[in-house]
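Taking it in order: structure first as structure tokens, then the write-up.
The values are calculated or read from the model by the stated rules, or taken from the named source; none is laboratory data. All figures in this text were calculated on a predicted structure; none of them were measured in a lab. Using ideal geometry, Cβ is built from the backbone for each residue, glycine included, and neighbour counts are taken over all protein chains shown.
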Amino acid sequence: MNTTRLDHEFIHFLRRTSIPFGRFAIFVVYVWFGMLKIVGLSPAGPLVHHLFDATIHFMSFNTFYILFAWFEVLIGIMFIFPKLTRWVIPLLFIHMVTTFLPLVFLPSETWNGFMVLTLEGQYIVKNLVIIAVAIGIAAHVHPLPQKR
């Protein structure tokens with residue numbers, strides 16, 4: 001087998017599997033992290049609590065935390081179903097906005113200095129990868145038919 005043919009087959013394999021694997025990866029991350037929150041074992045719990053204290057005052061933290069956790073699980077489950085892509089992408093971006101808020105509202109917990117993130121800050125910034133995967137998935141959705 002020559003290099004060019006191997007290259008073409010490998011690229012074809014990646015094109016066939018990239019979207020399903022991206023969906024599965026987002027499913028795993030969202031369901032896993034959401035379930036850790038639900039059972040009270042998430043290492044992100046204190047950061048979420050501090051952000052809650054700094055921003056939300058219309059419900060109890062426990063209520064918010066459980067709703068937020070189930071919201072994450074819902075996003076993960078929805079990503080498995082291609083027909084739900086149009087619905088889940090906006091939910092993911094709403095979630096992503098909330099995950100980036102500590103960079104602004106909790107700088108002492110997310111920054112060690114100019115352009116130097118804490119471990120929590122790095123945990124947040126890695127969400128850019130999730131956004132990139134979600135954009136890739138959304139880019140492969142068939143456009144709605146035009147109305148005449």
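Of the residues PHE21, PHE58, the single one that is aromatic (Phe, Trp, Tyr) and modelled with pLDDT under 95 is PHE58. The set of residues in the range 1-37 that are over 24 Å from ALA134 (Cα atoms), assigned to a helix (DSSP H, G or I) and of a type outside the set (Asp, Glu) comprises THR3, THR4, ARG5, LEU6, HIS8. Checked against the criterion of being closer than 27 Å to TRP70 by Cβ and of a type outside the set (Lys, Arg), the candidates LEU144, LEU128, LEU117 yield just one match: LEU128. For the range 93-112, the set of residues classified as of a type in the set (A, V, I, L, M, F, W, C) and either farther than 22 Å from THR55 by Cβ or outside any helix (DSSP H, G or I) (or both) consists of LEU101, LEU106, TRP111, listed by residue number. From the list GLU72, GLU120, the lone residue that is closer than 24 Å to ILE26 by Cα, touching a His at 6+ places or on another chain (Cβ under 9 Å) and in a helix (DSSP H, G or I) is GLU72. Candidates in the range 119-146 are the residues that are in contact (Cβ under 8 Å) with a residue 40 or more places away in the chain and not hydrophobic (A, V, I, L, M, F, W, C); of these, the one that is farthest from LEU84 (Cα to Cα) is GLU120. If you go through the range 125-148 and keep only what is part of a helix (DSSP H, G or I) and out of contact with any Ser or Thr (no Cβ under 6 Å at 6 or more places or on another chain), you end up with VAL125, LEU128, VAL129, ILE130, ILE131, ALA132, VAL133, ALA134, ILE135, GLY136, ILE137, ALA138. If the condition is being surrounded by fewer than 16 Cβ atoms within 10 Å (Cβ to Cβ), of a type in the set (D, E, K, R) and touching a helix residue (DSSP H, G or I) at 6+ places or on another chain (Cβ under 8 Å), then the range 52-83 contributes only ASP53.
Take PRO90 and decide whether it is in a helix (DSSP H, G or I) and either over 26 Å from ILE137 (Cα atoms) or in contact with a Gly (Cβ under 9 Å, 6 or more places away or on another chain) (or both).
No; evaluated as a whole, the condition is false for this residue.
When the residues of the range 84-124 are filtered to those that are charged (D, E, K, R) and surrounded by 14 or more Cβ atoms within 10 Å (Cβ to Cβ), which remaining residue is farthest from the chain's Cα centre (by Cα)? Filtering first and then ranking leaves GLU109. Taken over the range 127-148, residues that are surrounded by fewer than 11 Cβ atoms within 10 Å (Cβ to Cβ) and either of a type in the set (D, E, K, R) or touching a helix residue (DSSP H, G or I) at 6+ places or on another chain (Cβ under 7 Å) (or both) amount to 2.
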